[in-house]
Amino acid sequence: PLESVIKFYNHTAHKVLGDMKVLRLMQDFMTERYHMAIVADVQEKEDLDPVYVPIGVVTLEDIIEEIIQQEIVDETDAYVNNDFKKKNEKKFLPLIPIKKKEDEHVMKISPQLELATFTYLSTQIPEFSEENISANVLHKLLRQDVIKEVEVGGKPIIETGKTVDFMAMILTGELKIEVGREKMIFVQGPFSTFCIPALAGPYVPDITVVPSDVPCQYLCIQRDAYRRAIETCEFVLQEKVPVCPRSETDLGAARSPNGLSPVHDCNSPGSVTGSVDLANTRYHVCCNASAV
C-alpha cells in the first residue's frame, strides 16, 4: 500500500546514511525540497553485496531541534520530552473547539473505492459530469456523510410509490430489486444506480429496493446536498472568471441572474475571449489583455 501511495504522489523515498553530517542533510532538504528521509546503515556480509538496512527516520524538525538545542512540541506530539517521557497535555486539542454530536458518524470507504466511485460518476452519470459539477467539489461531496450501510434483513431503501429526494448507487455487496405487481425479484451489484431523477426534483420510483442476503454499502446523495454542490461551483465560477464589460451594451440585454452575460462577438483589440457553460446556458467571457 505504501508503494502505491508513493507512486500516486510521485514522491521518492529519500535514503541517507547514518554518518551523514547534519548541515549537509539540511542543504539537501532545502535544495531537493523534501522534509523527511530514511536513515540506512550498510551491512556487509561475506560473499554478498552490501545491504542497506533502514535504522530510522530523520525529519527537518529533528535537524532544527539539534540546531536550537530544544524540543519543538506541538499538539500532535505525545510527549513533551522524549528522555523523561513527560506526556503532552495539549495533545490533539483543536485550535477552535468544535462540538460534535454524540451519534455523529461519517462512514468512510477505501481510497481505491472512492476513486472508482468518483470516476464512474463523473464519466457515466451526466448529473455529475464536469459540465455540471467540478472535480474538486465532487471529491468533497463524496467525503461527506453520503456512505450508508445496510445489513441483511433490514428495511427497504426505496419503496414503490413513495417519493424520494435522493439518488443511490451500490458500492459493495448486493441489493434486491422488486419490480411490477408480480414483484419479480432480481439482484443488482456494485455501481448500479437508482432514482437519479430525484436530484432534479420530487421523484416517485416504480421499484422497491431491499437488502439482500449479504451486507451492502451504497452511496446516498440527497437532493439538497447535490444542489449545494452545484451552487458552490457556480459561486466559484463567478468569483474567478472575468466577465466582459461590453456584453450588456453590445446585446442591449440585461445580465443573467448569475451575473454573466450571454455569448456575443467581441473583436476589441487585445482582448482574450472564451465561453463557459453554466446551468445549460453558454456565457461569453473576455477581458482586455492590457488590463490583466
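Of note:
- Among the listed pairs Lys108/Lys148; Lys108/Lys162; Lys108/Lys140; Lys140/Lys162, those beyond 19 Å (Cα-Cα): Lys108/Lys162; Lys140/Lys162
- Surface accessible to a 1.4 Å probe, Glu32 within the full protein complex, Å²: 110
- Extension gain for Lys15 to Ile64 (0.36 nm times residue separation, less C-alpha to C-alpha distance): 15.7 nm.
- The stretch between Arg24 and Gln144, if pulled fully straight at 0.36 nm per residue, gains 38.8 nm over its current Cα-Cα span.
- Using the Cβ-Cβ distance between Arg227 and Gln124 with R0 set to 22 Å, the FRET efficiency works out to roughly 0.55.
- The residues packed around Tyr120, meaning those with a beta-carbon under 13 Å from its beta-carbon, carry a net charge of -2 if Lys and Arg are +1 and Asp and Glu are -1.
- The heavy atoms of Ile67 offer some 100 square angstrom of accessible surface to a 1.4 angstrom probe.
- Placing pseudo-labels 7 Å out from each Cα toward the beta carbon at Ser110 and Phe235 gives an inter-label distance of 3.5 nm.
- Ranked order, Phe235, Phe29, Phe118 - accessible area, probe 1.4 Å, largest first: Phe235, Phe118, Phe29
- Among Thr59, Thr163, Thr117, the sequence by solvent-accessible area, most first, with a 1.4 Å probe is Thr163, Thr59, Thr117.
- Counting heavy atoms of the protein chains alone, Met36 has an accessible area of about 110 Å² for a 1.4 Å probe.
- Whole-angstrom gap from segment 49-65 to segment 174-216, using each part's C-alpha centre: 54
- For Arg33, Arg181, Arg227, the ranking by accessible surface with the largest value first comes to Arg181, Arg33, Arg227, using a 1.4 Å probe.
The values are calculated or read from the model by the stated rules, or taken from the named source; none is laboratory data. Bear in mind the structure is a predicted one, so any value in this text is a computation, not a measurement. Backbone-built Cβ (ideal geometry, glycine too); neighbour counts: all protein chains shown. Remember, those area values only see protein heavy atoms, side chains included, never the ligands or the DNA or RNA. Shrake-Rupley method; radii C 1.70, N 1.55, O 1.52, S 1.80 Å.
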